Amino acid sequence: MRIELQTLELRTRHAFHIARMQAPPVRRTVWVRLIEEDGVEGWGEAPTSTPYYGETADTAHAALRGVERLVSEVAGEARGDPVILGGRGAAAGPAAIPPEPVEEAVREALGEQPMARVGLSAALHDLLGKRAGEPVWRLFGLDPAAAPASAYTIGLDAPEAMRERAAAAATYPVLKVKVGTQKDEETLAAIRAARPDATLLVDANTAWTLQGAIDRLPMLEEYGVAVIEQPLHPDDDEGWLPLRRASRIPIVADESCRTLADVERLAGRVDGINIKLAKCGSLTEARRMAEAARARGMVVMLGCMVESTLGISASVQLAPLVDYCDLDGAALLAEDPFVGPGLAEDGTLRFNQEPGLGVRRRA
């Protein structure tokens, strides 16, 4: 078994700014190919498109090159063991490699670097699905009909420009609006005027203080906001509970919630969590987070970075587990190097019937 890596450049249709970061002109992501001796390949994406979490395409290359021998050894030892995904067996035959032992060995070797790790995790699941002849979502025992519509995101810009983009996104029933400036009310007024029918989620990307968030609550209610995502700085653990008590709108943690351990820490302080594969490092961890949050009565959102269809396809496999989706990363691209599952123009998610993640290279 060997790992092949290729860095891809992604460009968005419009500059995609958020409150804590101006958009780079080009984003780099890594195509991960896990290739077995008989030529069967599993594909994944290490979505290193944002510098916030400290990973780059170069660090992902180095990390995955450093564990190539480990992956081969652990995969060889685990090959043929029973494969259980989501409580059901994957009848993948004796050549199957269970993803979890490899994921765990790589996590212990790399520690953090979840973006690199999830590229490998997705490739392992894609490979397993191809061996089984089944989509990954089916191996998880999930029903695509249970998946919610996905949001389409309107990045930060002048209010008029955001209004135009919201109007252009008329086929999407759910919009996520990036906020976190002194023009938040002007922005929401413009977008609501353009899209009175839309379900609005707002994402402040850590930009507000506790008092600033509380002061905005009446305005957010006025414009019919359904969810407030990550209003506070990730280090402001003490601010969550008073904000939640003050708000009638559900509060969802994103940057403050990376792994399963954070679900327990945040339970009772926020109404929900946003799971991203790029933060938690594996499909296995993401599934465990969704199940743990559900058990605690929390709202569960599934998000993404700016990434190609290859990266989005891995998240799509888990979408029936959640209440809200924001899987528009590939829909924001000027050119997408892959074809497969993802966001349709009516906001629904396209699920693959092909084995694995159901992704192919665009011709």
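The values are calculated or read from the model by the stated rules, or taken from the named source; none is laboratory data. Keep in mind that what you see is a predicted model, and the values were worked out from it rather than measured. Every residue, glycine among them, receives a Cβ derived from its backbone with ideal geometry; neighbour counts consider all protein chains shown. What goes into the accessible areas is simple: the full protein's heavy atoms, side chains included, and nothing from ligands, DNA or RNA. Shrake-Rupley method; radii C 1.70, N 1.55, O 1.52, S 1.80 Å.
Annotations
- The residue list Ala151, Pro101, Ser72 was ranked by how far each Cα lies along the charge dipole of the range 66-191 toward its positive end, using unit charges on Cβ atoms, and Ala151 comes out on top.
- Within the range 114-228: Cβ-based charge dipole about Cα centre, in debye rounded to nearest 20 (Lys, Arg +1; Asp, Glu -1): 520
- Alpha-carbon centroids, the range 155-188 and the range 191-269: separation in whole Å: 17
- If you sort the three axes of the alpha carbon gyration tensor as a ≥ b ≥ c, you get a/c of 1.5 or more for the range 184-311 and a/b no higher than b/c, which makes it oblate.
- Its convex hull of Cα atoms gives the range 91-147 a direction-averaged projected area, equal to a quarter of the hull surface, of 4.6 nm².
- Mean separation of Cα contacts under 8 Å (6+ apart) over length of the chain, as relative contact order %: 19
- In order through the range 33-41: 3J(HN,Hα) via Karplus (6.51 cos²θ - 1.76 cosθ + 1.60), integer Hz, x for Gly, Pro: 10, 9, 10, 8, 4, 8, x, 5, 10
- Summing Cβ point charges (Lys, Arg +1; Asp, Glu -1) relative to the Cα centre of the chain gives a dipole of roughly 320 debye.
- Shown are Tyr53, Tyr324, whose ranking by accessible area with a 1.4 Å probe and every protein chain present, most to least, is Tyr324, Tyr53.
- Shape call, the range 105-176: gyration tensor on alpha carbons, a/c limit 1.5: oblate
- By accessible area with a 1.4 Å probe, ligands and nucleic acids excluded, highest first: order of Arg138, Arg296: Arg296, Arg138
- When the alpha carbon gyration tensor of the range 1-155 is reduced to an equivalent ellipsoid, the three semi-axes, largest first, read 29, 21, 13 Å.
- Cα gyration tensor shape of the chain, rounded if a/c is under 1.5, else prolate or oblate by comparing a/b with b/c: prolate
- Cα lying deepest toward the dipole's positive end in the range 249-363, options Val263, Met305, Ala331, charges on Cβ: Val263
- The HN-Hα couplings worked out from phi for the range 67-82 by the Karplus form 6.51 cos²θ - 1.76 cosθ + 1.60 (θ = phi - 60°) are 10, 4, 5, 4, 4, 5, 5, 5, 4, x, 5, 8, 4, x, 5, x Hz, whole numbers, x standing for Gly and Pro.
- Over the chain, dividing the summed -39,500 (n - 2.57) contributions of all DSSP H runs of at least 4 residues by the number of residues returns a 222 nm mean residue ellipticity of -10500 deg cm²/dmol.
- Accessible-area value, His233, 1.4 Å probe, nucleic acids and ligands omitted, Å²: 90
- Once backbone amide H atoms are built at 1.01 Å from N, Leu8 has Thr29, Val30, Trp31 as its partners under 5 Å, excluding neighbours fewer than 5 places away on the same chain.
- Taking Cα centre as origin and charging only the Cβ of basic (Lys, Arg, +1) and acidic (Asp, Glu, -1) residues, the dipole magnitude of the range 232-323 rounds to 300 debye.
- Rounded to the nearest 10 Å², the accessible area of Thr309 at probe 1.4 Å: 10
- Most mobile listed residue (Ala63, Ala158, Ala293) in the chain, GNM with C-alpha springs under 10 Å: Ala158
- Backbone phi angles across the range 115-132, fed through the Karplus curve with coefficients 6.51, -1.76 and 1.60 (θ = phi - 60°), yield HN-Hα couplings of 5, 5, 5, 6, x, 6, 4, 5, 5, 5, 5, 4, 5, 4, x, 5, 5, 7 Hz in residue order; Gly and Pro are listed as x.
- For Ile84, solvent-accessible area (1.4 Å; no DNA, RNA or ligand), Å²: 100
- Element breakdown for the chain at a 1.4 angstrom probe: carbon and sulfur atoms account for 48% of the accessible area.
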